[in-house]
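Read through the structure below, which is laid out as structure tokens, and then see the notes.
The values are calculated or read from the model by the stated rules, or taken from the named source; none is laboratory data. Model, not experiment: these values are computed from the prediction. With ideal geometry, Cβ positions are generated from the backbone for all residues, glycine too; neighbour counts draw on all protein chains shown. Accessible surface is based on the protein model in full, side chains and every heavy atom, while ligands, DNA and RNA are left aside. Shrake-Rupley method; radii C 1.70, N 1.55, O 1.52, S 1.80 Å.
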Amino acid sequence: MPSQTRLIACPGPSRRAVLKAGVLGFLGLGLGEGLRLRALGAQAAPGAAAGNCILIWLAGGASHLDTFDPKPDAPADVRGEFKPIATPIPGVQVSEVLPNLAKILDRVTLIRSMTSPEADHDRASHHLLTGYRPTPAQVYPSYGSVVSKWRESSRGLMPPYVAVPDPPSSSLSGYLSPAHDPFAVGGDPNQEGFRVSNLAPPDRLTLDRLLRRRAMVKSLDDFARDVPPTPLTSSRDQFADQAYSLMTSNAAQAAFRLADETPEVRERYGRNPFGQSCLLARRLIEAGVAFVTVNDRGPGPLGWDTHAQNFPTIRDTLAPALDQGLAALIVDLAERGLLDDTLVVMMGEFGRTPKINANAGRDHHGRANSILLAGAGTPAGLVLGRTDAKGDSPVESPVTPSDLAHVIYTKLGIDPEHKYQTPDGRPLRLVEAAAPPRELL
């Protein structure tokens, strides 16, 4: 098969700072601390960015051979148990466990030649989520953290970077600052009565009591004015105000309120944690969040890390939720006119070994991996790259994590050549040594 098949579709804190941080914690306003840190860690944005991003992270590393790169002609101990099914793109098949995604493959770009030398979870996650291989000397910022920093000057009420339900490994701010870590939603969006704890006052704390505590903080501020202010302390009031506003904002509360969706929409995404996380991601994009990561850890502790019982785990638990939720998200974004301005990325830290092991599982394999891109002008119906007959390595159009980083930043209006300084003053480019595929740009 050719490598590209395309269907064209038209100094430490001061005494005063410590005092204020303690009072803020007493108020139950950890969110205010986060807002304050975000602004203090910011620099002026060098340019306006366009677009949003939803990253679907398949924690553990999904088997490319059993999802998007089947090898039906390989030996039985490589091809596995699943049969391939057709897609709208002539000559392109995917695994039978993905019937809904198969139907819309002509709306997305499928990259079958993602490759990395890393096959350890943490190291590979860092490589895929930052574009840089990990080093002992430096932890690099994740895509969402870079977006948070780049768009600092245009930030609204909503957090710029949200993780549902929690951030994957290596998805934090790295050398930038904890100011640009993601806001973690927590909990299970599929549970009845789901709410985000950081957006609600502590139990039994009414709005009146919250406002009285706010007045007490301002009194303590006046008491401490003998201490010279610093950027850290002088901005605390502003961001405490933002925290109060977010906690009391109907719009912010509504963005996280999945119960406002009709039963039909919720069923369309799938009544499971992943499906409802995708639905919440769409609502957050609509509300003004710039970058949302959906961390798909599956129903068990291992997620897509299928060292044993690979086939029943994928068939019965992992693939059905992914297939329904991701397909519904892409279609819903398109129907609402949001897909043109929203980049959707689906990937995990690596693929899995072609050889099935003695536990009927597949092990870590960095040399070959498949990812999906959709929206934000990504070519529809493009299948980029090809692996060898056993799915071991790319043989055409290999794509590296730095190539992918260049594409993601470019799609989001961020200059991949831009440099940010590390805490010790070293300027580092967002992307190094990239040769992104021309078809994706």
Quantify, in whole percent, the carbon and sulfur part of the accessible surface of the stretch 292-441 (1.4 Å probe; protein heavy atoms only). 51 percent
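Write down the accessible area per residue of the stretch 107-155 in Å², having rolled a 1.4 Å probe over the full set of protein chains. Please list the in-between numbers first.
Numbers: 1640 Å² over 49 residues.
For the stretch 107-155, the solvent-accessible area averages 33 Å² per residue.
Ranked by accessible surface with a 1.4 Å probe, highest first, in what order do E264, E396 come? Each step should come with its number before you reach the end.
Details: E264 125, E396 55 Å².
Listed by decreasing accessible area, they come as E264, E396.
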Please give the per residue accessible area of the stretch 280-346, computed with a probe of 1.4 Å over protein heavy atoms only, in Å². 33 Å²
Charge dipole magnitude, Cβ of K and R +1, D and E -1 - the stretch 282-412, Cα centre, debye nearest 20: 240 debye
Counting Lys and Arg as +1 and Asp and Glu as -1, what is the net charge of the other residues whose Cβ lies under 14 Å from the Cβ of P416? -1
Given charges of +1 on the Cβ of Lys and Arg and -1 on the Cβ of Asp and Glu, with all other atoms neutral, how large is the dipole of the stretch 308-382 about its Cα centre, in debye to the nearest 20? 460 debye
